[in-house]
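Student: The structure's right below; bear with me while I get my questions together.
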Amino acid sequence: MNKKKNKKVIVAMSGGVDSAVAAFLLQNRGYDVVGVFMRLGVNQGFTEDSARRVCQQLAIKFYPFNIAPNFKKEIINYFLDSYAKGLTPNPCVKCNNFIKFGELLKLADQLGAEYLATGHYVENKNLKIKNKKLFKLYKGKDATKDQSYFLYNLTQDKLKRILFPLGEYKKEDIKKIAKKNNLLVQSSESQDICFLQGDHNDFLKEKIKLTPGKIILLKNSSCHPEAKLKDLVSSDKRDSSPTAQNDKEFCGEEIGEHKGLPLYTVGQRRGVEIGGTGPYYVVRADYEKNILYVSKDRDDKELYSEKLISTQTNWVSGIEPKMPFECEAVIRYRHKPSKCKIKKSKIKDSYIVELKKPERAITSGQSVVFYKGNEVIGGGVIEI
């Protein structure tokens, strides 16, 4: 990263080691650093006092920023609404897009800052290709901490103003820098979903209406209809015909009662509580009939699919690749990349993704992110 004397940058401060070292590194590179703390209206784990203390230590200005109303509207409500509709949301992707790299860039404008920096472990490279500047997003050096999966919505207009000073470091190096310079940081690590302090399902039970219903066990593989519900047809939608639905019920056996469909995710084992028997794996949830379908086979063929649809797709370069496009797809955070071919759909910003090998438990509402090696090409929201 080049030295930018007196260029103002706001750093999203949490009070933890990553954001503290990010601010420290930028300050040492000649930037005019300002610390900001997002007040989200929830128990965030890290504290405002910790963030303020680090800024005081570095002798930089500190601004708390109340973002609670927008955070509730855009992130928490989205999280709850998604589960209520039978989707499995990805609040961290949404938060990065609308809050961290949305609202904070607006704040940067208000404070007269040219840049925004965060403690994400990713790299943003400014390259010159065919006499044109292009910003490219890459995985961070530390593969165990890489957060590129959550940032596929970044655009060229945003990337030209974003700094990721930790991308070229490993976590152990960041801890050493903090210790060597006696930075006053909290020792705890940030949690995956900042507004969840306890059990995920306890939060759902408190916030949304849940209706108990039947659990149906699929008896064996012969129960599965030829036209699988997961097969994508020419209209880019699943076969949800009455015949397929009836076949499902005809070859199933009622074995218990679920506690509310939003509490269950495709592929999960934990939480399917039927005393003394099992284990059971969630295969499908029928929200119209309030029925949960399960199997005793972890590798039930209904749990595997070779296709998905990417909706609300963003290409980091701002240009759609020439179709069909071959790359690797990651269907959930920390999942192993799968080789795929992407084809254009009839629907705007939607693409058919054909996987080289079937993947287990592809889940509607999660994100699929496209890579070429370590480079993030783009991504979208999964629909199956």
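The numbers here are math on the coordinates, done by the rules we state, and not lab data. Predicted model only: the values in this text are computed from it and were never measured. Virtual Cβ from ideal backbone geometry, glycine too; neighbours counted across all protein chains shown.
Student: Rank Glu206, Glu103, Glu273 by mean-square fluctuation in a GNM of the chain with C-alpha springs under 10 angstrom and give only the top-ranked residue.
Tutor: The residue with the greatest mean-square fluctuation here is Glu206.
Student: If you rank Ile99, Ile255, Ile377 by fewest surrounding Cβ atoms within 10 Å, what's the result? Before the final figure, lay out the partial values.
Tutor: Numbers: Ile99 19, Ile255 16, Ile377 22.
Fewest-to-most Cβ neighbours within 10 Å comes out as Ile255, Ile99, Ile377.
Student: Related question: Below 8 Å between Cα atoms, with a sequence gap of 6+, how large is the relative contact order for the chain in percent?
Tutor: Details: 799 pairs, mean separation 59.4, N = 384.
Averaging sequence separation for qualifying contacts and normalising by length gives 15 percent for the chain.
Student: Then there is this: Once the mean 1/r over all distinct Cα pairs of the chain is inverted, what Kirkwood radius in angstroms do you read off? Write out the running numbers ahead of the final one.
Tutor: Details: mean 1/r = 0.0441 Å⁻¹.
Radius from the Kirkwood sum: 22.7 Å.
Student: Further question on the same structure: Give me the percent relative contact order of segment 303-383, please, defined on Cα pairs under 8 angstrom at least 6 residues apart.
Tutor: Numbers: 186 pairs, mean separation 33.5, N = 81.
Once divided by the residue count of segment 303-383, the mean separation gives 41 percent.
Student: Also: Which residue, Ile352, Ile129, Ile208, has the most motion in a Gaussian network model of the chain that connects Cα atoms within less than 10 Å?
Tutor: It is Ile129.
Student: Further question on the same structure: Using a Förster distance of 51 Å, how high is the FRET efficiency between Asp299 and Lys128, based on the Cβ-Cβ distance and rounded to 0.05?
Tutor: Details: r = 48 Å, r/R0 = 0.94.
Approximately 0.60, to the nearest 0.05.
Student: Arg284's amide H: which non-local residues (gap 5+, or another chain) put their own amide H closer than 5 Å, with H modeled 1.01 Å from N in plane and none for Pro or chain starts?
Tutor: Correct list: Tyr293.
Student: Considering amide H positions built from the backbone, and no H for Pro or chain starts, which residues 5 or more places from Leu163, or on another chain, come under 5 Å of its amide H?
Tutor: Excluding prolines and chain starts, which carry no amide H, the hits are Leu116, Ala117, Thr118.
Student: Could you work out the local net charge near Leu184, counting Lys and Arg as +1, Asp and Glu as -1, over the other residues with Cβ closer than 15 Å to its Cβ? Mind showing how you got there, number by number?
Tutor: On the way: positive: Arg52, Arg53, Lys175, Lys179, Lys180; negative: Asp18, Glu48, Asp49.
After counting each charged neighbour, the total is +2.
Student: Out of residues 5 or more away from Asp32 or on other chains, whose amide H comes under 5 Å of its own, with H placed 1.01 Å from N in the peptide plane?
Tutor: Hits under the 5 Å cutoff: Asn6, Lys7, Lys8, Val9.
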